[in-house]
1. When only DSSP loop residues count, what GluC sites (Glu not before Pro) in the stretch 96-134 have their Cβ near at most 14 other Cβ atoms within 10 Å?
2. In percent, what relative contact order does the stretch 26-133 have, based on Cα pairs under 8 Å that are 6 or more apart in sequence?
3. Evaluate the charge dipole of the stretch 26-133 about its Cα centre and quote only its size in Debye, nearest 20, assuming +1 on the Cβ of each Lys and Arg and -1 on the Cβ of each Asp and Glu.
4. Which Cα, out of 129, 43, 54, lies furthest along the positive dipole direction of the stretch 26-133 (beta carbon charges, K/R +1, D/E -1)?
5. Sort largest first and round to whole Å: the equivalent ellipsoid semi-axes of the stretch 26-133, each the square root of five times a Cα gyration tensor eigenvalue.
Amino acid sequence: MRIAFVLASILAIAACSSGTAVRSDVLPERELSAAHDVVRVPLGQVLVVRVAANPTTGYSWAWNETAAAGVLAQDGAPVMAEKTGPQLVGAGGTQTWRFRAAKSGTGELRLDYRRPWESEVAPVQTQSWRIEVR
């Protein structure tokens with residue numbers, strides 16, 4: 001009887017402690033909004049950028065990977081959250097980009113808003129941040 005109680009107690013404790021542990025080495029995401037002189041981030045930090053976009057116009061945001069100089073890596077595909085509701089067909093929304101600090105150094109996180117087929121035309125809008133990864 002006592003062995004059954006001890007065994008049941010051990011199993012109950014094991015069941016309660018089998019949840020997902022919180023890792024202390026995982027950095028929270030950092031959202032970038034207004035431009036900064038230099039954004040300093042630790043290696044592995046995820047940077048989140050949200051930009052207004054309307055793909056129905058033919059314009060889209062493009063990441064300038066060359067400007068990043070290898071210090072950033074795109075963390076998944078950009079996600080488009082469109083406005084919804086009546087009379088909002090083609091209204092656009094917000095596009096979310098994620099980048100991970102991949103190696104130490106300095107680079108630029110730059111997004112250009114342009115039509116992909118107009119490669120010789122300057123972007124109509126640019127968002128950029130100077131990034132220093134430590």
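1. On the way: sites: 108, 118, 120, 132; in loops: 118, 120.
Filter output for the stretch 96-134: 118, 120.
2. Details: 236 pairs, mean separation 37.5, N = 108.
Reported relative contact order: 35 percent.
3. Working: 11 positive and 11 negative charges, 34 e Å.
Roughly 160 debye for the stretch 26-133.
4. 43
5. Numbers: eigenvalues 137, 57, 23 Å².
Working from the Cα gyration tensor, I get semi-axes of 26, 17, 11 Å.
Just so you know, all these numbers are worked out from the coordinates, no wet-lab data involved. All values reported here derive from a predicted model rather than from experimental measurement. Note: ideal-geometry Cβ built from the backbone for every residue, glycine included; neighbour counts use all protein chains shown.
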